[in-house]
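First the structure, in the form of structure tokens, and then the observations on it.
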Amino acid sequence: MDAGAAGVGLAADDPFKGSPFAAVSDWSNGISRRYQHVLDRTTPHVLYRWLACLGVALVYVIRVYLVEGFYVVSYGLGIYILNLLIGFLSPQVDPEIHDLSSDGPSLPTRGSEIVHMIKYKYVPFSFGKQRYNGKKASSSSTETAGLLPRD
């Protein structure tokens, strides 16, 4: 097979070859590859990564203290880190709400379910709390008396 000719053909068809866009793209790809190489080399060293993270955080705290500023930025950064921590600790699916055996709520399919809904006056789409009006009073004086607490 002529794999070399196919690779040359693809590079020759690139309309951005020799343009500033291609130069910036090549530079950013090189930086990305170097950064990924550093990440791949440091992955097994968990303790050193945590120590480096704490060191960077300590340098940031000292800088904020010495400069006497960036309090709003630090507050926002703290909220962001707390949000990441909560997202990490909370499960994606709440086991109390989500039943793993079913695909979600379903419509009634059996006749007994429909009869049950009609018997108990089930309203499938009711919004808000249902109101209980009680007995109607004949005069306005009894309406206000009904609102007062009884002893």
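Looking only at the stretch 30-61, residues that are surrounded by 10 or more Cβ atoms within 10 Å (Cβ to Cβ) and not in a helix (DSSP H, G or I) come to 1 in all.
Here is a yes/no grid of residues against (1) modelled with pLDDT of 95 or more; (2) touching a helix residue (DSSP H, G or I) at 6+ places or on another chain (Cβ under 7 Å):
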site: V38; (1), (2): no, no
site: H45; (1), (2): no, no
site: W50; (1), (2): no, no
site: G55; (1), (2): yes, no
site: V61; (1), (2): no, no
site: S74; (1), (2): no, yes
site: F88; (1), (2): no, no
site: H98; (1), (2): no, no
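Among the residues of the stretch 62-71, just one is exposed (fewer than 11 other Cβ atoms within 10 Å of the Cβ) and within 29 Å of the chain's Cα centre (by Cα), namely Y71.
The values are calculated or read from the model by the stated rules, or taken from the named source; none is laboratory data. The structure presented is a predicted model; accordingly, all values stated were derived computationally and were not measured. Here Cβ is always computed from backbone atoms with ideal geometry, including for glycine, and neighbour counts include all displayed protein chains.
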